[in-house]
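Below: one structure, written as structure tokens.
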Amino acid sequence: MPRTGSMDTPQSLLLITVDCLRATHIGFMGYQRPTTPFLDSLASQSLVLRDAIVAGSPTYYSFPAIMASRHPLALGRDVIGLAPDEATLSTSLSRAGYATAGFVAANPYVSGRFGYDSGFDTFRDFLQEDPQLDPVDPGNGRLRTRFNRRLLGLSRAAGSVGETLYHELYFRYCQWLYAPSGASFDGLRRFPAADVLVDCACDWLAGVAGKPFFLWLHFMDPHSPYYPGEEALRLLGAPPVAADRAMYLNSYWRRNELHAGRLKRHREEVITLYDAGIRWVDEQVSRLVGVLKEMRLWQDTVLAFTADHGEEFLEHGGRYHSPAKVTEELIRVPLLLHAGGGLKKSINIAFSFLDLAPTLLEAVGVQPPASFRGRSRWKEFHNGQHWDGTSVVECVSSCSNPLSIENRLGKRVVAVRERRYKLVLDFARSVDQLFDLENDPREMHPLPADQEKATRRRLLERARSHLLDSIDLRDPDARLRARIRDVQMQCSNRAAAAAQA
């Protein structure tokens with residue numbers, strides 16, 4: 001097996017995950033806009049998995065596979081995150097003597113609250129420093145007064161024209177009422193930008209010389225609301241956008257009363273803001289790699305660059321990343337592995353994220369724990385071997401607020417994804433759909449029930465096997481620990497609320 005770096009030096013691991021980063025908006029995946037010039041240059045010296053499929057979407061259904069190599073609902077639908085003492089990428093490397101650090105850009109679903117700090121010597125999620133996680137977004141309909149609700153009722157009585165007129169006037173009124181004076185991108189941004197995380201990473205790296213390290217960075221720059229900053233727009237080559245214009249676009253994009261036809265009016269402007277967030281991530285990854293080179297650490301570092309899920313821009317009538325969907329724009333993400341230039345190839349086999357953590361551990365010479373459900377593909381990468389490229393994706397369709405345990409208990413959506421065919425089972429709607437991605441890559445025309453019967457049967461059997469395994473192979477101790485943590489958090493939250501009352 002070829003080594004990835006210097007002959008006698010342990011390999012370090014740099015894992016970069018980006019929230020909401022869809023594969024089709026990356027240069028080395030074929031996107032024409034210059035969102036990732038640095039990563040594009042790195043791709044020519046790296047392994048690129050062109051068909052990487054997450055194990056669930058959104059974030060809270062994706063990361064159990066990334067960190068612990070297990071399906072997101074393996075401990076039960078009511079369990080979110082990692083179980084206390086669950087074996088993970090970070091705990092495995094910590095036990096192997098690695099210095100470990102994680103910097104997460106204020107995403108509560110991958111915070112210490114859900115076990116993602118386990119195994120890290122240094123972990124910073126930026127949540128305590130920025131409690132204003134959900135700032136007022138004018139026009140989102142949550143601030144209606146009793147008088148306004150009365151007007152809405154009267155407008156509905158006047159028919160669709162009256163209701164449409166009311167919503168438009170109300171949106172414009174909120175824009176005027178809540179528009180801050182002197183708005184700036186930095187003031188509007190909901191999450192710390194990529195440069196903040198890279199600053200923290202560089203400071204931490206300065207103290208780990210002579211020891212292999214595991215560094216995880218989770219960037220939120222492409223996540224809504226989209227406030228990329230003026231420099232990011234300039235680097236993208238996009239026209240300048242004023243902060244108040246960006247605020248208007250984000251507010252408009254959130255309007256639930258508008259149909260897709262009206263939302264399309266500003267779709268391209270919104271995508272420009274999204275793309276600029278990606279461009280800023282690329283710029284900061286370039287800066288971080290430059291620091292690693294200056295420290296003479298880069299040649300002995302394995303880099304994995306990927307995302308937890310994608311983002312929808314009306315392709316199937318929706319926005320953002322609904323847990324009710326497992327469409328390609330949400331489950332197919334970029335995955336680049338750089339290992340000292342030893343692997344230079346592009347692979348088109350469907351790659352399940354269940355296999356990511358064991359693959360990364362083997363890449364740095366650490367044995368994966370027995371509890372991992374996936375398997376390493378490192379040897380296949382080196383030897384050019386093929387494998388069964390079948391991925392299972394799952395989520396709970398109604399779970400839009402996983403902080404509420406009751407909200408986690410809806411019915412599943414399961415997808416079984418091969419390179420060409422994809423079966424989607426929506427248990428809430430009692431619907432199964434088979435797509436031929438080769439001839440219908442946009443998933444607009446499910447195959448009739450009398451076509452590809454053998455394929456449908458094969459994928460149904462794979463889905464059945466997965467659902468049975470999720471019960472038969474469940475770790476009851478890990479589930480119990482996770483449920484106890486939830487109860488403790490509920491008690492703590494109630495006590496805090498009572499103290500403030």
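Considering only residues in region 365-378 that are among the small types (G, A, S) and under 30 Å from L409 (Cα atoms), the one that is least open to solvent (accessible area, probe 1.4 Å) turns out to be G374. What do you reckon, is R474 farther than 30 Å from E329 by Cβ and in a loop (DSSP other than H, G, I, E, B)? For R474, the condition - farther than 30 Å from E329 by Cβ and in a loop (DSSP other than H, G, I, E, B) - is met.
Taken over region 379-408, the criterion of being touching a Leu at 6+ places or on another chain (Cβ under 6 Å) and open to solvent by 10 Å² or more (accessible area, probe 1.4 Å) is satisfied by no residue.
So that you can scan it fast, the table gives a plain yes or no per residue for (1) open to solvent by 80 Å² or more (accessible area, probe 1.4 Å); (2) under 25 Å from the mean Cα position of the chain (by Cα); (3) modelled with pLDDT of 95 or more; (4) under 27 Å from R50 (Cβ atoms):
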| position | (1), (2), (3), (4) |
| --- | --- |
| A428 | no, yes, no, no |
| H466 | no, yes, yes, yes |
| S470 | no, yes, no, no |
| S492 | no, no, no, no |
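Within region 273-305, the set of residues being open to solvent by less than 10 Å² (accessible area, probe 1.4 Å) and among the charged types (D, E, K, R) comprises D275, D282.
Among the residues of region 341-364, those that are part of a loop (DSSP other than H, G, I, E, B), in contact with a Lys or Arg (Cβ under 8 Å, 6 or more places away or on another chain) and either of a type in the set (V, I, T) or open to solvent by 10 Å² or more (accessible area, probe 1.4 Å) (or both) comprise G342, N348, I349.
Per-residue answers, yes or no, for (1) under 21 Å from the mean Cα position of the chain (by Cα); (2) closer than 30 Å to D282 by Cβ; (3) modelled with pLDDT of 90 or more:
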{"position": "A158", "(1), (2), (3)": "no, no, no"}
{"position": "L177", "(1), (2), (3)": "no, no, no"}
{"position": "P180", "(1), (2), (3)": "no, yes, no"}
{"position": "L205", "(1), (2), (3)": "no, yes, yes"}
{"position": "R234", "(1), (2), (3)": "no, yes, yes"}
{"position": "P240", "(1), (2), (3)": "no, yes, yes"}
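From the list K411, K453, the one residue that fits, being more than 25 Å from the chain's Cα centre (by Cα) and either among the β-branched types (V, I, T) or open to solvent by 90 Å² or more (accessible area, probe 1.4 Å) (or both), is K453.
For region 328-340, the set of residues classified as over 20 Å from M220 (Cα atoms) and either without any contact (Cβ under 8 Å) to a residue 60 or more places away in the chain or open to solvent by 40 Å² or more (accessible area, probe 1.4 Å) (or both) consists of G340 only. Scanning region 310-338 for residues that are modelled with pLDDT under 95 and farther than 25 Å from D426 by Cα yields a total of 0.
Just wondering, is there one or more residues in region 320-327 that are surrounded by fewer than 21 Cβ atoms within 10 Å (Cβ to Cβ), small (G, A, S), without any contact (Cβ under 8 Å) to a residue 60 or more places away in the chain and farther than 17 Å from H382 by Cα? The answer is no, given that none of the residues of region 320-327 is surrounded by fewer than 21 Cβ atoms within 10 Å (Cβ to Cβ), small (G, A, S), without any contact (Cβ under 8 Å) to a residue 60 or more places away in the chain and farther than 17 Å from H382 by Cα. Taking region 304-340 as the range and being under 13 Å from the mean Cα position of the chain (by Cα) and part of a strand (DSSP E or B) as the test, the residues that pass are F305, T306, A307, E312, Y320, R332, V333, L335. The residues of region 77-94 that are more than 18 Å from P108 (Cβ to Cβ) and modelled with pLDDT of 95 or more, listed by number, are D85, E86, A87, T88, L89, S90, T91, S92, L93, S94.
The values are calculated or read from the model by the stated rules, or taken from the named source; none is laboratory data. Note that the coordinates shown come from a computational prediction; the quantities given were computed from them, not determined experimentally. A quick note on method: Cβ atoms are made from the backbone with ideal geometry, for glycine too, and the neighbour counts reach across all protein chains shown. We work out accessible area using only protein heavy atoms, side chains counted, and drop any ligands, DNA or RNA first. Shrake-Rupley method; radii C 1.70, N 1.55, O 1.52, S 1.80 Å.
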